[in-house]
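Peer 1: Below is a structure I'd like to ask you about.
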Amino acid sequence: MSRSREPRRPATLASIAAELKVSRTTVSNAYNRPDQLSPELRERVLMAAKRRGYAGPDPVARSLRTRKAGAVGLLLTEALSYSFRDPAAMAFLAGLAESCEAAGQGLLLIPAGPERDDTAAAAVVQQAGVDGFVVYSVADDDPYLMAVRERHLPIVICDQPRGVPEAALVAIDDRAAMKEIAEQVIALGHKHIAVLCMRLGRDRRDGVVPPKRLEGSHFHVQRERIAGVHEAMEEAGLDPSTLTVVERFEHTKRSGHSAAAQALQANRDTTALLCTTDVLALGALNFAKVSGIDVPRQLTVTGFDGVEAAIRDNVTTVRQDAEEKGRRAGTLLLSTSHSGVMATEILPTELVKGRTAAAPPV
């Protein structure tokens, strides 16, 4: 008699359990909770599954049953291509990934490009199979943030925005940290100062910033760092209205290079460039180098973040632990106590006195 040509039915958790005369839970535990089985029993289950071509419990079915996706969503304010080039973002991602790995959770990256609309944002966020969101430094009017809040899942925000009532927060005191570095520069004798900053809104703008735009900025971090410089100037008897602020939409060394040129053109008496990030500071240093401007004898340049390249080049900057930020954000989101009181963690910063700041030329 010829054998039947009917295709063999694919193995399932139930069929493996029936073959071995064990419960479905036993088969499931062989994959998901191996500590619940003896090594011998687990080996029997895995060998039978391999023989039958069974790859293990269906994660989609499991998530439907448990209502858990087993993953954390990371909402980024930039395109992925940029985020993987930004040193501070990469350090944060490393810390977050470490905390997710320790908890046995996956990590889903959701790039929230600054020029996306509400419809696109809602679609991306609604389709994300995650159990909660870490929001990494977005504008307070970002449509992705609004879509995240509508999911009613746990949220931890890193840096910005502030004041989201249902979210925990991990951040630094941006104003105090920037004020400290500005005080150091003013103490050296600088009176004509410019700030090079990242974008202040989601619209594409490059140039010298008018007061109205600064007051209406939707990015808390940039607004607070500039406010720290204003405070330091005011307390030193300098007029904050004389501060030149130059904004760049793209956060690159090239942007820092062009912003430095524009700042010095706007006020030729400028002797110090205070940059709100190390990336912009490194670009400003490059401008000074190609322009034949001696740093720090003719021009002081400071940064912010304490990224490896800036520390290596002895930039005067503010160091923050971006990797620890990521770890703390992940721990907060994944902790069982997260649903309840919304925690706020303000991490410390450190002023690093490098070789790019000195007294202004006489």
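The values are calculated or read from the model by the stated rules, or taken from the named source; none is laboratory data. Just so it is clear, the model here is predicted, and its values are computed rather than measured. We place every Cβ from the backbone using ideal geometry, glycine too, and count neighbours over all the protein chains shown. Side chains are part of the model used for accessible areas, which takes the heavy atoms of the whole protein and leaves out ligands, DNA and RNA. Shrake-Rupley method; radii C 1.70, N 1.55, O 1.52, S 1.80 Å.
Peer 1: Quick one: angle between helix 253-266 and the longest Cα principal axis of the chain, in degrees between 0 and 90, rounded to 10, please.
Peer 2: 20
Peer 1: Roughly to the nearest percent, how much of the accessible area of segment 13-57 is carbon and sulfur, given a 1.4 Å probe? Could you put the intermediate results ahead of the total?
Peer 2: Numbers: 1450 of 2830 Å².
Carbon and sulfur atoms account for 51 percent of the accessible area of segment 13-57.
Peer 1: Next question. Any idea of the accessible area per residue across the chain, 1.4 Å probe, to the nearest Å²? Mind dumping the intermediate values first?
Peer 2: Details: 18450 Å² over 362 residues.
I get 51 Å² per residue for this part.
Peer 1: Output wanted: per-residue J couplings in Hz (rounded whole) for segment 172-188, from phi through Karplus 6.51 cos²θ - 1.76 cosθ + 1.60, θ = phi - 60°, x for Gly and Pro.
Peer 2: Here the 3J(HN,Hα) series is 10, 8, 4, 5, 5, 5, 6, 4, 4, 6, 5, 4, 5, 5, 5, 5, 6 Hz.
Peer 1: In degrees, nearest 10, range 0 to 90: what is the angle between the Cα axis of helix 87-102 and the longest Cα principal axis of the chain?
Peer 2: 30
Peer 1: Give me the percent relative contact order of segment 174-320, please, defined on Cα pairs under 8 angstrom at least 6 residues apart.
Peer 2: Values: 284 pairs, mean separation 39.9, N = 147.
The normalised contact order for segment 174-320 reaches 27 percent.
Peer 1: Dipole of the chain (Lys/Arg Cβ +1, Asp/Glu Cβ -1, origin at the Cα centre): which of M178, I16, H251 lies farthest to the positive side?
Peer 2: I16
Peer 1: Pairs of lysines 8 or more apart, or on different chains, with alpha carbons under 17 Å: count those in the chain, would you? Don't jump to the answer; show the numbers that get you there.
Peer 2: Details: K21/K50; K179/K191; K179/K353; K253/K289.
Number of lysine pairs found: 4.
Peer 1: Now, a different point. Please turn the phi angles of segment 43-48 into ³J(HN,Hα) values with the Karplus equation 6.51 cos²θ - 1.76 cosθ + 1.60 (θ = phi - 60°), one per residue in order, whole Hz, x for glycine and proline.
Peer 2: Here the 3J(HN,Hα) series is 4, 4, 5, 5, 5, 5 Hz.
Peer 1: Can you give the calculated 222 nm mean residue ellipticity of the chain, where each DSSP H run of n ≥ 4 adds -39,500 (n - 2.57) and the sum is split over every residue, rounded to the nearest 500 deg cm²/dmol?
Peer 2: On the way: 15 runs with 157 residues, N = 362.
Helix-only estimate at 222 nm: -13000 deg cm²/dmol.
Peer 1: Let me ask you something else. Compute the long axis of helix 220-235 from its Cα atoms, compare it with the longest principal axis of the Cα atoms of the chain, and write down the angle in degrees, 0 to 90, nearest 10.
Peer 2: Computed tilt is about 30 degrees.
Peer 1: Additional query: Count the net charge of all other residues whose Cβ sits under 12 Å from the Cβ of P87, scoring Lys and Arg as +1 and Asp and Glu as -1.
Peer 2: Numbers: positive: R85, K253, R312; negative: D86, D278, D305, E308, E323.
Counting the neighbours of P87, the net charge comes to -2.
Peer 1: Add +1 for every Lys or Arg and -1 for every Asp or Glu among the other residues with Cβ under 11 Å from the Cβ of E350, and state the total.
Peer 2: On the way: positive: R319, K353; negative: E180, D321.
That sum, taken over residues with Cβ under 11 Å, equals 0.
Peer 1: Let me ask another. If Lys and Arg each add +1 and Asp and Glu each add -1, what is the summed charge of the other residues whose beta carbon sits under 9 Å from the beta carbon of P161?
Peer 2: Working: positive: R162; negative: D140, D141, D142, D159.
Here the charged neighbours net out to -3.
Peer 1: Using Cα pairs closer than 8 Å and at least 6 residues apart in sequence, work out the relative contact order for the chain, in percent. Spell out each step's value before the answer.
Peer 2: Numbers: 689 pairs, mean separation 62.9, N = 362.
Relative contact order comes out at 17 percent.
Peer 1: Shifting gears a bit: Residues with amide H under 5 Å of Q160's amide H, sequence separation 5 or more or different chain, H placed in the peptide plane at 1.01 Å from N; which?
Peer 2: So Q160 has HN proximity to S137, V138.
Peer 1: What is the percent carbon and sulfur in the accessible area of segment 174-320, measuring with a 1.4 Å probe over the protein chains and ignoring ligands?
Peer 2: Details: 2860 of 6220 Å².
It is 46 percent, rounded to a whole number.
Peer 1: Next up: Using a/c under 1.5 as the rounded threshold, could you call segment 281-359 rounded, prolate or oblate? The axes a ≥ b ≥ c are square roots of the C-alpha gyration tensor eigenvalues, and prolate needs a/b larger than b/c, oblate otherwise. Spell out each step's value before the answer.
Peer 2: Values: a/c = 4.29, a/b = 3.37, b/c = 1.27.
Cα axes put segment 281-359 in the prolate bin.
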